[in-house]
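Worksheet: the structure to be examined is printed underneath.
The values are calculated or read from the model by the stated rules, or taken from the named source; none is laboratory data. Keep in mind it's a predicted model, so treat the numbers as computed, not measured. Because the Cβ atoms are built from the backbone with ideal geometry, glycine has one as well, and the counts that use them run over all protein chains shown.
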């Protein structure tokens, strides 16, 4: 191939790479424009380039942008090679030599693994050319080298193609007689002196050699070859040999070889097994002997399931031979041994398709045609009452039952147990249950391993049979006597028995009511005390935490003092104890009324409020005075919301749910507030456990939904703003939708009208505590509390007298302060997301809901608004008591004016810049970046890719931090794991107003396992939110980036820039401690070019630095803020915020706590809030500018190091 031809081929490949995945029609047109004689040249060049790329890939770190780019080029090369091969190229002898040589090198390349299928598809197209004599002569040496690699081809998919090519090349090189199965069968066809057994051994040996340690698929050519080339007699001999090999002959090396050996034999045997083969009695006897040896080897039986299943297939085939009298006579010894194994030693399960049970019953019928089994025979021959009149007789009967069932895992519908139950009287059932419980207790500590010298069933399986028997016989109406209860509780390991499963737990529930008898309770008290001790000391491995807690509460309740005074459905957990104390202190008549109410509340087990339940509840609460009812409900419900405790017992949760439902229809604001607190607390996530009490929270949400008035609706909205779990958000959303329909409002109107005012006056609120006053001042993101007395004396902290006299009021003040801060943060986030919903208001509605709202005005008056009156459009901001434009001219507005939140893309770049200068000149700090907002237009590279962006691909981010950030920004994301494979969906943002869904593709970091600590970013794409439009067959219909509205595209990309910047592994202050690729990435990121958000940060700093007290020590240089301290000069990266000490770029680790950073924030003005990295950079700059004054012990050794 000439240099010119090579250049033309390379140009064609490059053109294909640039158009592939973007325009399929252009690719097709490119292929059609090529001349046939060019095909072989392009194939040679593309294979060579693929080889070079894969060799270079070995030097790249996995999952990096460079790796992805390299891998993509390899895929494109194989695509064009395959496309041209399918078009029928013409090859010269030189072409074939070069191609085979490159393919040989490719097979030896480590990184071929992800392209193996593509390579073999390419090789398969060469078959028609290789058989041409003139080409074969030219490439014989290359083919010989190629064939020498055949032993590793089996490791590649597709296996069929690789093996067929192996045979093809072998036939060509060895004139149709290549070593292996083919030549072996060719030799047999010409006649062989070997016996059938020897031939079978030789076939199996050759088969295993060819398969090596690979597990062939059922349609593997080697299997098809054996099936087609062996006689029926040889097939029988092979089956006998396989069974003997499974029983006696196994490789003595690695376990992988054992599994491969067994799987290969099982695949072959399944293929040739047939009842049409000419078996003899000697064959059947030999197979039975092998099966018996196989079954006797427990290790082999338990570890090689495919061979185990195949053995039963062989037994099915053998049955017709030894059921005949002659066959049974010849094989009786083998059949009896087999029956021993399946009836006494092998585990079976009570299900129709269980092979052991099926063979067990068939062999019993064959060997003992008159018997139904020892237990059934005994039940039919004698009166059961005579068998159960004493404990000893009943115990003997249980022993016979276990003997009959052997090692069977029986279910409740097993015929033997059903037959037994039908024969028993209620008294007999009680006796059997008691003995079975005692037997479970005795067996529970026995070793579960099977002893070959013991012919009894496994103790563990006997115990399971007893548990099933208890489950079948147990009923709450059975006549248990005190002696029975005492005997069942007085076992030494009651908790271990309960942990075994449902039957003993059901029995415990039946026993508990009997313990209300005083004499029986006192008799059983030591056993209950021992049970309580074991519950407290248990490692809690077998039951849920809630189950352990319920048993403990039940025992506590039985042993408690109030149990002697009154009976209550409450269990004495942290919530119920104060209620029980109140009940104990009440007069008997009042206590009776409340006990009736609580008992009715215990029946509140449904997820929805039932009118019948509520009607009966009202009839019970009528006995309680209304004010008393309200105060008591408030107090009892607050015992839950005020105490940040553990999960509740299920029974107590039902009672609390019932108490909450009693608030339905109330107009009391105090009840609405406590219900919102209860919902928030109930949905609160406990570490490692999930929400504290979701059913309680759900009841509070439902009750708030049915309470009249805007105050209750506002409390429901407060719950929504505090809860982040999507499923609970959906539940709250449904309630708000129902309220909106009831009030004839939209959800948006409802959301705006229910924003609480907190009674603020110009950002302030006064709270009186006797002669002291607490003034709450709402700042940018926090609430400050200032204390003063009646004389005006200021206090730096809470006065001691207030702490002593107003404990509960102080708690309310702290909660109020927290609620204001949380609501301020939530509303700030809501305002910032307005571009996604394109929200508009009339002037009057906007002024009422935003501009003059006591809370929201603290945010909205610092924002720029778009004001449209007819064709006239203005932008305005609140200043000096009025709306002004960028020139400080007052704006005259009319009732018809339409108002929306301004976005920089609504104006020219110059106009947006003027607003930035206005904010900085007037020292206005916006609640979020608005005028200074980063704008993300579509780039030229994104116009080329058309329907996806790789602008943020190839970054390593911290998954858990990323997860938290996505929730704040409204994205949906689930933690990705190593185990979930393709179930790991990408994070996405639904934009219902625009009917668009944005997705951000991610991949797990390759060195992680389990739940990934790190993720690698990939492409961003947009698609219709309607699944019917998003998919066409199995193909996703991505939107082109040009179809996405510019503001939406910019905001989505800004979100992703935020995720990648803040959660970036390179921004981790401790990242310098990483090793390997993470360390490389960290160092690269902290020297990298700035993202768009970091460029905007740089622009702000260039204008801000001259105003700072440390201006003479700071300068913005390239991608760093340079700070000149007394000891060193420091470079702070504007993307990550990490610090390097000049001149040797030594890393300086500084981690601020929240308080320290907030303290430094007050030293300078910023035109916006919310840029965490900018605030961090400035905090570090102020610290380092006076580095001699640093006393922090974590920093001093780093900067004093010489």
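Descriptive notes on the structure:
Residue-wise test of (1) closer than 28 Å to residue 767 by Cα; (2) modelled with pLDDT under 95; (3) surrounded by 15 or more Cβ atoms within 10 Å (Cβ to Cβ).
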| site | (1), (2), (3) |
| --- | --- |
| 837 | no, yes, no |
| 849 | yes, yes, yes |
| 864 | no, no, yes |
| 885 | no, no, yes |
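- Selection over the stretch 722-739 of residues that are buried (at least 20 other Cβ atoms within 10 Å of the Cβ) and under 27 Å from residue 759 (Cβ atoms) gives a count of 5.
- Screening residue 399 on (1) at pLDDT 85 or above; (2) more than 17 Å from residue 416 (Cα to Cα); (3) surrounded by fewer than 16 Cβ atoms within 10 Å (Cβ to Cβ) shows it passes everything except condition (2).
For (1) touching a helix residue (DSSP H, G or I) at 6+ places or on another chain (Cβ under 6 Å); (2) at pLDDT 90 or above; (3) outside the structural domain of residue 957 (by TED's automatic domain parsing), each residue gets a yes or a no:
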{"position": "1117", "(1), (2), (3)": "no, yes, yes"}
{"position": "1125", "(1), (2), (3)": "yes, yes, yes"}
{"position": "1140", "(1), (2), (3)": "no, yes, yes"}
{"position": "1149", "(1), (2), (3)": "no, no, yes"}
{"position": "1156", "(1), (2), (3)": "no, no, yes"}
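- Unique match (being on the phi < 0 side of the Ramachandran plot, touching a residue at least 60 places away in the same chain (Cβ under 8 Å) and either buried (at least 18 other Cβ atoms within 10 Å of the Cβ) or touching a strand residue (DSSP E or B) at 6+ places or on another chain (Cβ under 7 Å) (or both)) among 504, 498: 504
- Scanning the stretch 674-689 for residues that are more than 16 Å from residue 657 (Cα to Cα) and in contact (Cβ under 8 Å) with a residue 40 or more places away in the chain returns 684, 685, 686, 689.
Okay, residues lined up against (1) under 19 Å from residue 861 (Cβ atoms); (2) without any contact (Cβ under 8 Å) to a residue 60 or more places away in the chain; (3) more than 49 Å from the chain's Cα centre (by Cα):
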{"residue": "882", "(1), (2), (3)": "yes, yes, yes"}
{"residue": "886", "(1), (2), (3)": "yes, yes, yes"}
{"residue": "889", "(1), (2), (3)": "yes, yes, yes"}
{"residue": "892", "(1), (2), (3)": "yes, yes, yes"}
{"residue": "904", "(1), (2), (3)": "no, yes, no"}
{"residue": "909", "(1), (2), (3)": "no, yes, no"}
{"residue": "913", "(1), (2), (3)": "no, yes, no"}
{"residue": "918", "(1), (2), (3)": "yes, yes, no"}
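- Selection from the stretch 969-1011 of residues that are closer than 14 Å to residue 1052 by Cα and outside any loop (DSSP other than H, G, I, E, B): 972, 988, 989, 990, 991, 996, 997, 998, 999, 1000, 1001
- Subset of the stretch 939-968 [closer than 30 Å to residue 16 by Cα, without any contact (Cβ under 8 Å) to a residue 60 or more places away in the chain and assigned to a helix (DSSP H, G or I)]: 940, 941
- Scanning the stretch 846-862 finds no residues that are outside any helix (DSSP H, G or I), over 47 Å from the mean Cα position of the chain (by Cα) and more than 28 Å from residue 1096 (Cα to Cα).
- Taking every residue in the stretch 1169-1185 that is under 10 Å from residue 1114 (Cα atoms) and pairing it with any residue that is at pLDDT below 90, at least 6 positions away or on another chain, the pairs with Cβ-Cβ distances below 6 Å are 1182/1160; 1182/1163.
- The one condition in (1) farther than 26 Å from residue 218 by Cα; (2) modelled with pLDDT under 85; (3) exposed (fewer than 15 other Cβ atoms within 10 Å of the Cβ) that residue 345 fails to fulfil: (3)
- Condition met for residue 381 (in the same structural domain as residue 462 (by TED's automatic domain parsing) and modelled with pLDDT of 85 or more): no
- When the test is whether a residue is modelled with pLDDT under 85, in the same structural domain as residue 508 (by TED's automatic domain parsing) and over 23 Å from residue 507 (Cβ atoms), residue 450 passes it.
- Condition broken by residue 546, with the remaining ones in (1) under 19 Å from residue 693 (Cα atoms); (2) touching a residue at least 60 places away in the same chain (Cβ under 8 Å); (3) in contact with a helix residue (DSSP H, G or I) (Cβ under 7 Å, 6 or more places away or on another chain); (4) not assigned by TED's automatic domain parsing to the domain that holds residue 495 satisfied: (4)
- Being at pLDDT below 95 and more than 27 Å from residue 1093 (Cα to Cα) holds for only one residue in 970, 954, 1033, 1004, and it is 1033.
- Of all residues in the stretch 1068-1091, exactly one satisfies the criterion of being exposed (fewer than 13 other Cβ atoms within 10 Å of the Cβ), within 19 Å of residue 952 (Cβ to Cβ) and free of Cβ contacts under 8 Å to residues at least 24 places away in the same chain, namely 1084.
- Single match in 1049, 1022 (criterion: modelled with pLDDT of 90 or more, closer than 17 Å to residue 946 by Cβ, touching a helix residue (DSSP H, G or I) at 6+ places or on another chain (Cβ under 8 Å) and assigned to a strand (DSSP E or B)): 1022
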